[in-house]
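Note sheet for the following structure.
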Amino acid sequence: MVSPLSLSKKVCVIGAGPSGLVAARELRKEGHDVVVLEQRYDVGGQWLYEPNVESEDPLGKKKVLQVHSSIYASLRLISPREIMGFTDFPFLVKKGRDTRRFPGHRELWLYLKDFCEHFGLREMIRFNTSVEYVRMLEYDEIGKDLKWMVKSREKSSQETAVEEVFDAVVVATGHYSHPRLPTIKGMDTWKRKQMHSHVYRVPEPFRNEVVVVVGNSLSGQDISMELVEVAKEVHLSAKSLNITEGLSKVISKHENLHLHPQIETLQEDGRVVFVDGSWLIADTILHCTGYSYTFPFLDTKGIVAVDDDRVGPLYEHTFPPALAPSLSFVGIPRKIIGFPFFEAQAKWIAQLLSGKRTLPSREEMMHSIEEFYRSRDAAAIPKHYTHDIGEFEYCDRYGDHVGFPHLEEWRKQLCLSALVNADANLEAYRDSWEDHELLQEALQSPHFTQLLGAEDLTF
């Protein structure tokens, strides 16, 4: 129920991926008038697979990308399905679908469609609608009764863009679309094929090629393991040669998979020279080097900026102190159990806008941000890892702001168990595990039993 004292605001949510969907649900639950603008034809964000990438720049250097999703055809989840669901909508096995604990990407997309249908969210969403510009309207005092002009355009329409005024804007556009590229000497003049994993989909185009994969991330490892089956040689270039037991096993198993240090230079004759002096001639360089935050549509007069992947200033990775709560961001943090965290963010935003809760003063929020930055600097954590959380305790403390339940112990332990297993058994961890007792504890918890008896939902 919505408190009779609550205020109803007109809110624009940008993006209908996981964070945008749960934001829309919580905002409507709190009594707000919600419009979700989604550039694609359906919900899902990253999880709505795009097989056709020909229109995209191979390195993704354009300011506005043609392709949003970075998912490749064979991608499977790196976390078990049990930990991934929203708190009141578990990610259950459904008959006739992908029943694996670590299912393929399509299964998570179907879960998000189920979530959307179950809570009746589709009626709030305008599909095939791109956001071109978001700006503050004239104001007497920043942060006080602020309103936003949102300019959007329906893709199939030849008509002029639509401009609307909102009391608040929630940015939920994700952060796995815009490639983050390394700086390598000779990269701009190397004449052979280069691409970012953003546009990698299937291994077949690399058949019989010599491929250098830059970046030892999970996606870099996954793609390398797929490429060894078709490529002549795969050379994995990593910042550190201190690799996991799992990756070491994979390399020893495949004669055509090799580990190298970082690249020193790329030469016009096709040579790739590594920092240890070794070199090879490659057909393709595939950069698996991560993604950057970018909000090309958002004009905050410089109040919010992205500096080496630090989006800021943001109080608790969500609120710009000078513009909150009328502007907020959902889904910025990385290295967390995402869906429950997005849900906590959404509840806090919705209740702040309705007046049920209040933020600290602008000065207190800025002090908190500065203290956080200082702590990261003291720990020698590079700026571009600002939003990498990597601790359950932070997620629990965040939830306390809005009375959101702490992560269940089984959820934390299943997450850690999968990470440990992946380190030791990179090729097999998705299909071979030893956390059966934890799994049973999870399936018997209130999180899973709450929907028992619901139509077509089964274990």
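The values are calculated or read from the model by the stated rules, or taken from the named source; none is laboratory data. From a predicted model like this one, the values you see are computed outputs, not experimental measurements. Here Cβ is always computed from backbone atoms with ideal geometry, including for glycine, and neighbour counts include all displayed protein chains. Surface areas here come from the heavy atoms of the whole protein model, side chains and all, with no ligands, DNA or RNA. Shrake-Rupley method; radii C 1.70, N 1.55, O 1.52, S 1.80 Å.
As a test question: what accessible area, to the nearest 10 Å², does SER177 have when a 1.4 Å probe is rolled over all protein chains in place?
Counting only protein heavy atoms, the figure is 20 Å².
When the helices in the chain are scored as -39500 (n - 2.57) per DSSP H run of 4 or longer and the sum is shared across all residues, what 222 nm value do you end up with, to the nearest 500 deg cm²/dmol?
That calculation yields -8000 deg cm²/dmol at 222 nm.
Compute the distance from the alpha-carbon center of the stretch 89-126 to that of the stretch 367-406, in whole Å.
30 Å
Between LYS253 and LYS155, what length in nm is gained on full extension when 0.36 nm per residue of separation is reduced by their alpha carbon distance?
Gain on extension, LYS253 to LYS155, equals 30.4 nm.
Once a ≥ b ≥ c are taken as the square roots of the eigenvalues of the Cα gyration tensor of the stretch 244-298, is the result rounded (a/c under 1.5), prolate (a/b larger than b/c) or oblate (a/b not larger than b/c)?
It comes out oblate by the Cα gyration axes.
Hey, if you drop one equal point scatterer on each alpha-carbon of the stretch 370-417 and run the Debye formula without solvent, what base-10 log of I(q)/I(0) do you get at q = 0.17, 0.30, 0.31 Å⁻¹?
-0.66, -1.04, -1.07
May I ask you to list the lysines whose Cα is less than 28 Å away from that of LYS249, ignoring any residue fewer than eight positions away on the same chain?
Candidates past the 8-residue exclusion: LYS232, LYS239, LYS335, LYS412.
May I ask for the angle, rounded to the nearest 10°, between helix 338-354 and the longest principal axis of the chain, with both axes built from Cα atoms and the value confined to 0 to 90°?
Computed tilt is about 20 degrees.
Ranked from the most accessible area to the least, with a 1.4 Å probe and all protein chains present, what is the order of TRP47, TRP279?
TRP279, TRP47
Project the alpha carbons of the stretch 312-459 onto their principal axes and report the range along each, largest first, in whole Å.
The Cα atoms of the stretch 312-459 stretch 49, 41, 20 Å along their principal axes.
Treating only the Cβ atoms of Lys and Arg (+1) and Asp and Glu (-1) as charged, compute the dipole magnitude of the stretch 268-426 about its Cα centre; round to the nearest 20 debye.
For the stretch 268-426, the charge dipole is close to 580 debye.
Order of 359-369, 398-408, 99-109 by packing, highest average Cβ count within 10 Å first?
With the highest mean Cβ count within 10 Å placed first, the list reads 99-109, 398-408, 359-369.
Could you check the spin-label model distance between LEU241 and GLU229? Points 7 Å from the Cα along Cα→Cβ, value in nm.
About 3.0 nm separates the two model spin labels.
Label 7 Å along Cα→Cβ of ILE281; the stretch 256-270 residues with amide nitrogen under 11 Å?
Correct set: 269-270.
If I take all pairs of Cα atoms in the stretch 55-199, what percentage of them are more than 26 Å from each other?
51 percent
What FRET efficiency, computed as 1/(1 + (r/R0)^6) with R0 = 22 Å and r the Cβ-Cβ distance, is obtained for GLN66 and VAL202, rounded to the nearest 0.05?
Given R0 = 22 Å and the Cβ-Cβ separation, E is 0.75.
At 1.002 mPa s and 20 °C, plugging the Kirkwood radius over alpha-carbon pairs of the stretch 349-435 into Stokes-Einstein gives what diffusion coefficient in µm²/s?
It diffuses with D of about 132 µm²/s by this estimate.
Pull up the DSSP beta bridges for the chain and report the antiparallel fraction as a percent, rounded to 5.
Once the DSSP bridges in the chain are tallied, antiparallel ones form about 45 percent.
Measure nothing but the geometry: give the 0 to 90° angle between the long axis through the Cα atoms of 105-118 and the longest principal axis through the Cα atoms of the chain, rounded to 10°.
Roughly 10 degrees, rounded to the nearest 10.
From the C-alpha coordinates alone, can you work out the Kirkwood hydrodynamic radius of the stretch 8-97, in Å?
15.6 Å
Using only Cα atoms, find the angle between the long axis of helix 218-227 and the longest principal axis of the chain, and express it within 0 to 90 degrees, rounded to the nearest 10.
40 degrees
On the accessible surface of the chain, probed at 1.4 Å, how many percent belong to carbon and sulfur atoms?
51 percent
Please state the relative contact order of the chain as a whole percent: Cα pairs under 8 Å, 6+ residues apart?
20 percent
Go through the stretch 162-173 residue by residue and turn each phi into a ³J(HN,Hα) via Karplus (6.51, -1.76, 1.60, θ = phi - 60°); whole Hz please, and just put x for glycine and proline.
So the Karplus estimates, Gly and Pro as x, are 9, 10, 9, 9, 10, 6, 8, 10, 10, 8, 9, 9 Hz.
Above 19 Å lies some portion of the pair distances; for the stretch 55-128, what is it as a whole percent of all C-alpha pairs?
50 percent
Counting only heavy atoms of protein chains, what accessible area per residue, in Å², does the chain have with a probe of 1.4 Å?
Spelled out: the 1.4 Å probe surface of the chain, per residue, equals 46 Å².
For the chain, build the convex hull from the C-alpha positions and give me its volume per residue in Å³.
Taking the convex hull of the Cα positions in the chain, it is 160 Å³ per residue.
If the cut-off is a Cα-Cα distance under 22 Å, which lysines reach LYS62, setting aside same-chain residues fewer than 8 apart in sequence?
Partners within reach: LYS151, LYS155, LYS185, LYS191, LYS193.
Using only the C-alpha atoms of the stretch 130-240, find the volume of their convex hull and express it per residue in Å³.
216 Å³
In nm, give the distance between the simple-model label positions of GLU441 and GLU117, each being 7 Å from the Cα along the Cα-to-Cβ direction.
Reported label-point gap for GLU441 and GLU117 is 3.4 nm.
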